[in-house]
Amino acid sequence: MSEPLITREQAFIEARWALDVARERRDRDRAAGRLDPAAELVLRRIEREMRAEQATAQANAADRAAA
């Protein structure tokens, strides 16, 4: 009944590590051209949306700084 517990911080560290490993594997596959074409399209769409959001955030920050 008294199994060792993982702290919340340790759980986050391990989850972040697993996510980083998966992203590195995806990036290696993508660079080598082994990624599924449908997945490549999804990644490109996500990257485009992220760039648009970043540009909007930068424009908003510039507007606030000018005010």
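Laboratory data are not the source of any read-out in this text; all were calculated from the coordinates shown. Quantities reported herein were computed from a predicted structural model and do not represent experimental measurements. Every residue, glycine as well, gets a Cβ built from its backbone with ideal geometry; the counts of neighbours run over all protein chains shown.
Just a few scattered comments:
- Ala55 being free of Cβ contacts under 8 Å to residues at least 12 places away in the same chain, part of a helix (DSSP H, G or I), over 16 Å from the mean Cα position of the chain (by Cα) and surrounded by 10 or more Cβ atoms within 10 Å (Cβ to Cβ): yes
- Pair list, Cβ under 8 Å, 6 or more apart: segment 1-30 residue assigned to a loop (DSSP other than H, G, I, E, B), other residue not hydrophobic (A, V, I, L, M, F, W, C): Ile6/Glu14
- Which listed residue, of Ala66, Ala39, is loosely packed, with under 10 Cβ neighbours inside 10 Å and of a type in the set (A, V, I, L, M, F, W, C): Ala66
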